[in-house]
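What follows is a short report on a single structure.
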Amino acid sequence: MRPPDALVLRAGRLSLALPKRGTLVAIGIAVLLAAAIVASVAVGNGRTVGWRAVEALFGGENPFARRTVHTYRLPRALAGAVAGAALGLAGCLTQTLARNRLATPDLAGVNDGATVGVLVTVLGSTTATIGAWWAGPLGAIAAAALVVLIAGGMGPTGYRVLVVGLALSVTIDAVTELVLARQPIDVARGVWGWTIGSLNARGYDVAVPVGLGLAVLVPLALLASRRLNVLRYGDETATGLGVHPGRWRLYALTIAVLLAGLAVGVGGPIAFTAMAAPVLAARLAGNIRVPVLASALTGALLVVCADTLGRAFGPVEVPVGVLAGLLGGPFLLWVLLSGKD
């Protein structure tokens with residue numbers, strides 16, 4: 001039976017039911033994201049700003065402007081978009097598993113584990129080069145496995161995992177600071193900026209492989225969205241409807257861990273996004289279904305906008321993680337004081 005709010009797409013014997021409201025919201029956010037990327041390209045230092053940068057984006061005649069836009073600004077904006085999408089979807093999955101709007105990958109120790117994974121790749125370096133993006137997922141997997149092992153499994157609500165993850169995060173933060181304190185000052189200064197969340201010097205070299213990762217993980221999350229929706233109502237209800245809670249909880253956690261690791265590998269542990277994107281997406285798309293696609297698009301929009309604002313005022317760039325963190329406090333209060341789910 002087709003749900004009353006569903007839009008059904010058919011291709012031969014195959015059919016796909018999409019929620020009308022959620023689909024319209026996702027399209028709207030995608031349009032805003034495209035506009036935000038154009039605005040990000042138009043912001044910067046030098047003469048290639050505003051309309052001149054927009055013209056260069058779409059093939060203007062000035063070769064210097066085209067090089068500035070297509071070599072530096074557009075790749076950075078796309079890197080921010082894929083990082084934000086990964087964070088938004090990872091937050092959506094962890095909040096669904098824990099049935100808590102405050103549950104994010106960083107609370108489970110995943111982000112800190114990914115951060116350490118990337119930092120390991122620059123240990124002993126004589127430059128301030130940011131570490132390899134692929135170390136992020138590896139560190140995230142190691143941290144998640146350690147948290148689940150110490151917690152004795154996922155548990156029916158995920159609270160034990162969050163508590164163990166929080167304790168592990170504090171420990172990893174201390175180890176990270178100790179490691180940075182023992183590095184050469186130039187290396188420590190360069191890497192420290194990334195550890196608070198920064199897209200500086202990031203481009204196609206990370207945007208393309210992480211985008212390919214999203215191309216695999218987002219469909220996997222969409223395929224599991226119906227089961228994830230059932231999990232929100234408790235294990236007894238899920239079992240009664242033929243859904244194996246433990247199996248699908250592990251499935252969703254694995255996807256969330258990989259997504260968080262990819263995001264940290266791009267821009268470091270950018271605060272606020274993984275918590276805010278799913279909440280905002282649920283308010284816009286409705287709380288009937290898990291807002292998988294809307295959360296990813298909202299996360300991408302938030303990171304691109306925060307990075308643009310960080311470069312918009314004055315010659316000194318404000319890292320995207322700092323600006324996102326400034327917004328995180330008021331948003332957290334709003335979530336706690338809001339009466340809606």
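The values are calculated or read from the model by the stated rules, or taken from the named source; none is laboratory data. Quick caveat, the model's predicted, so the values are computed rather than measured. With ideal geometry, Cβ positions are generated from the backbone for all residues, glycine too; neighbour counts draw on all protein chains shown.
Before moving on, here are some points about what is shown:
- Looking at Arg13, Arg67, just one residue is of a type in the set (Lys, Arg), at pLDDT 85 or above and either in contact with a Pro (Cβ under 8 Å, 6 or more places away or on another chain) or exposed (fewer than 15 other Cβ atoms within 10 Å of the Cβ) (or both), and that residue is Arg67.
- Any pair with Cβ under 8 angstrom, 6 or more apart, that starts in segment 171-182 at a residue that is in a helix (DSSP H, G or I) and ends at one that is β-branched (Val, Ile, Thr): Ile172/Thr115; Ile172/Val116; Val175/Val116; Thr176/Thr115; Thr176/Val116; Thr176/Thr195; Leu180/Val191; Leu180/Thr195
- Annotation: Asp307 fulfils all but one of (1) of a type in the set (D, E, K, R); (2) within 19 Å of Leu97 (Cα to Cα); (3) modelled with pLDDT of 90 or more; the unmet one is (2).
- Residue among Val206, Val187, Val266 that is modelled with pLDDT under 80, under 27 Å from Gly44 (Cβ atoms) and crowded, with 18+ Cβ neighbours inside 10 Å: Val187
- With respect to being in contact with a Phe, Trp or Tyr (Cβ under 8 Å, 6 or more places away or on another chain) and part of a helix (DSSP H, G or I), Leu262 fits the description.
- Taken over segment 67-110, the residue count meeting the criterion of being of a type outside the set (Phe, Trp, Tyr), in a helix (DSSP H, G or I) and over 17 Å from Ala271 (Cβ atoms) is 18.
- Any chance Arg289 is closer than 22 Å to Trp192 by Cβ, basic (Lys, Arg) and in contact with a helix residue (DSSP H, G or I) (Cβ under 9 Å, 6 or more places away or on another chain): no
- The set of residues in segment 212-225 being at pLDDT 90 or above and crowded, with 18+ Cβ neighbours inside 10 Å consists of Gly213, Leu214, Leu217, Val218, Ala221.
- Unique match (being of a type in the set (Phe, Trp, Tyr), out of contact with any Cys (no Cβ under 9 Å at 6 or more places or on another chain) and in contact (Cβ under 8 Å) with a residue 40 or more places away in the chain) among Trp194, Trp248: Trp194
- All conditions but one from (1) without any contact (Cβ under 8 Å) to a residue 24 or more places away in the chain; (2) of a type in the set (Val, Ile, Thr); (3) buried (at least 16 other Cβ atoms within 10 Å of the Cβ) apply to Val279; the one that does not is (1).
- Test set (1) in a helix (DSSP H, G or I); (2) among the small types (Gly, Ala, Ser); (3) buried (at least 24 other Cβ atoms within 10 Å of the Cβ); (4) modelled with pLDDT under 95 - Ala26 fails condition number: (3)
- Residue list for segment 157-213, filter: more than 20 Å from the chain's Cα centre (by Cα), within 27 Å of Ala77 (Cβ to Cβ) and among the basic types (Lys, Arg): Arg189
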